[in-house]
Amino acid sequence: MAEERKHFRPSWDDYFMAMVKIVASRGTCARLYAGSVLVKDNRIIATGYNGSPPGLPHCDDVGHLLEEGHCVRTIHGEHNSLLQAAKQGGASTDGSTMYTKYSPCIHCAKYVIAAGVKRVVLGKVYRNPQAVDMLKEAGVNVEVYVENSKWQKELMQIFAEEIPVRENEGEVKIKTEK
């Protein structure tokens, strides 16, 4: 019988930042695969990645639509998570936390502030540190996530291992009477 490994329970920041990387993998613009997870009371209320608006062609399929060196075909991950929360309804973004792979651009920073997000946890400051300064000036708590090496190792194991099959475990047998 294989040795069972000890369970590692991640912190909330570890947990949501791992999800950000998975969400980012859905991106459709090769210029930057970014992702965002919007959380309130440790519950996910929306996710977003860099991609074209629904029903429109993706950069990966038809190429980039560049304007002054920036691809404008896509909606950024941060903006997409805010739009998803608005479209779904039922959950307010006021007081929420946004986890994001990279720091938001200046435009997304404005949307984050306007949506009432109170905390942004980012994986890396990207391009324009002034956007981070803008968030802080507006009273948003901004933190750069520090990867937990134990959690990274656990993730590698989680994704490498097969889903176990246990014979007859949890099998339900219904007895019918005649």
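Computed over protein heavy atoms with a 1.4 angstrom probe, the accessible surface ordering of THR28, THR100, THR176, largest first, is THR176, THR28, THR100.
Taking amide H as placed 1.01 Å from N in the peptide plane, TYR145 has its amide H under 5 Å from the amide H of LEU122, GLY123, each at least 5 places away in sequence or on another chain.
Value of Rg to Rh for segment 81-124, rounded to two decimals, is 0.95; Kirkwood radius and Rg both from alpha-carbon coordinates.
Debye-formula intensities of segment 18-83, expressed as log10 I(q)/I(0) at q = 0.21, 0.24 Å⁻¹, are -0.78, -0.96 (one equal scatterer per alpha-carbon, no solvent). Every Cα-Cα pair in segment 2-124 was counted, and those over 20 Å apart are 43% of them. Sequentially through segment 53-67, phi angles give Karplus couplings (6.51, -1.76, 1.60; θ = phi - 60°) of x, x, x, 9, x, 9, 3, 4, 9, 10, x, 7, 10, 8, 9 Hz, Gly and Pro residues having no value and appearing as x.
Amide H contacts for ILE45 (H built 1.01 Å from N in the peptide plane; partners 5 or more residues away or on another chain; cut-off under 5 Å): LEU38, VAL39, LYS40. In order along segment 42-52, the phi-based Karplus estimate (6.51 cos²θ - 1.76 cosθ + 1.60, θ = phi - 60°) of 3J(HN,Hα) comes to 6, 10, 6, 10, 5, 9, x, 9, 5, x, 6 Hz; Gly and Pro are listed as x. Projecting the Cα positions of ILE44, LEU82, PRO54 onto the charge dipole of segment 1-99 (unit charges on Cβ atoms of Lys, Arg, Asp and Glu, taken about the Cα centre) puts ILE44 furthest along the positive direction. Think of a 1.4 Å ball rolled over the protein heavy atoms: the chain then has 67 Å² of accessible area per residue. Relative contact order of segment 1-148, taken over Cα pairs closer than 8 Å and 6 or more residues apart, is 20 percent. Here the chain is treated with +1 on each Lys and Arg Cβ and -1 on each Asp and Glu Cβ, and its dipole about the Cα centre works out to around 260 debye. With the charge dipole of segment 1-121 set up from +1 on Lys and Arg Cβ and -1 on Asp and Glu Cβ about the Cα centre, the Cα lying farthest toward the positive end among the listed residues TYR33, SER11, ILE106 is that of SER11. One Cα centroid belongs to segment 116-131, the other to segment 1-70; the line between them spans 15 Å. Axis of helix 149-160 versus longest Cα principal axis of the chain: the two differ by about 60°, to the nearest ten degrees. Phi angles across segment 105-122 convert, under the Karplus curve 6.51 cos²θ - 1.76 cosθ + 1.60 with θ = phi - 60°, into 3J(HN,Hα) values of 6, 4, 5, 5, 4, 4, 5, 4, 4, 5, 7, x, 5, 9, 9, 10, 10, 10 Hz, Gly and Pro given as x.
The values are calculated or read from the model by the stated rules, or taken from the named source; none is laboratory data. Please read these numbers as outputs of a predicted model, since none were measured by experiment. With ideal geometry, Cβ positions are generated from the backbone for all residues, glycine too; neighbour counts draw on all protein chains shown. We work out accessible area using only protein heavy atoms, side chains counted, and drop any ligands, DNA or RNA first. Shrake-Rupley method; radii C 1.70, N 1.55, O 1.52, S 1.80 Å.
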